[in-house]
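The values are calculated or read from the model by the stated rules, or taken from the named source; none is laboratory data. Keep in mind it's a predicted model, so treat the numbers as computed, not measured. So basically every Cβ, Gly included, is an ideal-geometry build from the backbone, and we count neighbours across all protein chains shown. What goes into the accessible areas is simple: the full protein's heavy atoms, side chains included, and nothing from ligands, DNA or RNA. Shrake-Rupley method; radii C 1.70, N 1.55, O 1.52, S 1.80 Å.
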Amino acid sequence: MPDLFDPITLGALRLPNRIVMAPLTRGRATRAGVPTPIMGEYYAQRATSGVIISEATGISREGLGWPYAPGLWSEAQVEGWKPVVAAVHAAGGRIVAQLWHMGRLVHPSVSEMQPISASATTGPALAHTYDGKQPLPEARAVSTDDIARIIGEYAGAARNAIAAGFDGVQIHGANGYLIDQFLRDATNLREDAYGGMIANRLRFLSDVMQAVIAVTGAARTAIRLSPNGAVNGCHDSDGMRLFTAVAAELEALGVPWIELREPGPQSSFRATDEAPVSPEMRKVFSGKIVLNSDYDGASGQAKLGEGVADAISFGRPFIANPDFVERIRTGAGLNAPDVATFYSQGPQGYTDYPKLTDARRIGAWT
Ligand SMILES: Cc1cc2nc3c(=O)[nH]c(=O)nc-3n(C[C@H](O)[C@H](O)[C@H](O)COP(=O)(O)O)c2cc1C
């Protein structure tokens, strides 16, 4: 049975362990989406993870609605990322960029544009904005010209990620954002080659992956999906069939690894009664599968033993425990995450969570 501390290869990435840091939006960039120095400190603190998947990073102004989230479409953003990525590498770590288009969930007060989506639908949740949470307007259905442009923006952001020094990219196909809006039949009402039957609804995802692979190579390209359950009104009537077909498509494209957020009914992050799809995806996808949601060291290790997952990604434990890997290794207790500072600015609840070594030092003083 594989161990969380066994090394693993994910395409071009060689991980010293199977403890992956899940992508976590933290809102510490500037309003222009430029990374700030404190982000380098934060990520470097977590460099002992097998690989860090960066916080979701906008591919364009149109696609980025989250306050103070970073982007990868401008020269200034690339320059801002360079020292962040370099800090992770200097600390011995690896980091891939999660590339994000939020589609209908972008509020116009942030992007100064009407949101776009597969079809003219409205995100049901309130959007995070610089002026608090606000209702979303209806999205504009993209034209085929828009689709070609947006695919080019994914490729451009991937090029910029490599220029900034990232070890690869992960396309954000999860959680009800643009790619998910194309995939699912509750949000994709199109009647052209990008809508209707499953083969059409997964075309946008496939086009994006092909365009990005042409830039970064398949060995440095991955994707995150959330196959079971709905997020932000983005639902499918047959997620099992849809995501098994997606996995077959990713196999055909030679994608080396995928990350799946698959909560259960008791999850503390978007619980669902829908069964996990990963066992079916495993049958048609020969690459590596990283599973996420609600794991700790013991349950993550147990999951590896079931044979579906090759590695486990951890989100909130990494927010509160920069030395989470060491804590699993030693069986030490965990700091609890402070929800109030998840998306706040500055170091509080970001770079100031104590490491075990800090506790020992404090212990030595008292
Ligand atoms: C503060 C916060 C920010 C998140 N940001 C992202 C993100 O940028 N991209 C993404 O795919 N998922 C994001 N997620 C989801 C996490 O990656 C992960 O799926 C979730 O926290 C459940 O895993 P956990 O139980 O290990 O925390 C976020 C979750 C939290 C709590």
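If you go through the stretch 263-294 and keep only what is in a strand (DSSP E or B) and within 14 Å of the ligand (Cβ to nearest atom), you end up with V290, L291, N292. Pairs meeting the criteria (first residue in the stretch 344-356 and surrounded by fewer than 15 Cβ atoms within 10 Å (Cβ to Cβ), second residue not in a loop (DSSP other than H, G, I, E, B), beta carbons under 7 Å, at least 6 apart or on different chains) are P347/I38; Q348/T341.
Of everything in the stretch 156-175 that is of a type in the set (A, V, I, L, M) and open to solvent by less than 10 Å² (accessible area, probe 1.4 Å), the residue that is farthest from P227 (Cα to Cα) is A164. I want to confirm something. Restricting to the stretch 228-258 and keeping residues that are out of contact with any Pro (no Cβ under 7 Å at 6 or more places or on another chain), of a type in the set (G, A, S) and assigned to a loop (DSSP other than H, G, I, E, B), which single residue is farthest from A125 (Cα to Cα)? It comes out as G254. Among the residues of the stretch 305-347, those that are within 20 Å of the chain's Cα centre (by Cα) and of a type in the set (G, A, S) comprise A309, A311, S313, G315, A320, S344.
Evaluate the stretch 223-234: report whether one residue or more is more than 16 Å from the ligand (Cβ to nearest atom) and farther than 22 Å from R104 by Cα. No: zero hits. A residue that is surrounded by 24 or more Cβ atoms within 10 Å (Cβ to Cβ) and over 17 Å from the mean Cα position of the chain (by Cα) occurs somewhere in the stretch 88-97. Within the stretch 86-113, residues that are touching a residue at least 12 places away in the same chain (Cβ under 8 Å) and within 16 Å of the ligand (Cβ to nearest atom) reach partners that are charged (D, E, K, R) and in a loop (DSSP other than H, G, I, E, B) with beta carbons closer than 8 Å, at six or more positions or on different chains, in the pairs I95/D167; V96/D167; H101/E62; V106/E62.
Screening L260 against (1) open to solvent by 10 Å² or more (accessible area, probe 1.4 Å); (2) in contact with a helix residue (DSSP H, G or I) (Cβ under 8 Å, 6 or more places away or on another chain); (3) within 15 Å of the ligand (Cβ to nearest atom) leaves a single unmet condition, (1).
For the subset of the stretch 36-61 comprising residues that are farther than 21 Å from I258 by Cα and free of Cβ contacts under 8 Å to residues at least 60 places away in the same chain, which member is surrounded by the fewest Cβ atoms within 10 Å (Cβ to Cβ)? Only one residue tops the list, namely P37. Among the residues making up the stretch 302-336, those that are among the small types (G, A, S) and more than 16 Å from the ligand (Cβ to nearest atom) are G305, G307, G331, A332, G333.
Working only within the stretch 321-343, note down all residues that are part of a helix (DSSP H, G or I) and surrounded by fewer than 16 Cβ atoms within 10 Å (Cβ to Cβ). Once the filter is applied, which keeps residues that are part of a helix (DSSP H, G or I) and surrounded by fewer than 16 Cβ atoms within 10 Å (Cβ to Cβ), the stretch 321-343 yields E326, R329, T330, V339, A340. May I ask you to verify whether G11 is open to solvent by less than 40 Å² (accessible area, probe 1.4 Å), within 14 Å of the ligand (Cβ to nearest atom) and touching a strand residue (DSSP E or B) at 6+ places or on another chain (Cβ under 7 Å)? So G11 fails the test. Looking across the stretch 176-216, the residues that are open to solvent by 20 Å² or more (accessible area, probe 1.4 Å) and either farther than 22 Å from G254 by Cα or modelled with pLDDT under 95 (or both) come down to Y177, D185, A186, L189, R190, E191, D192, A193, G196, M197.
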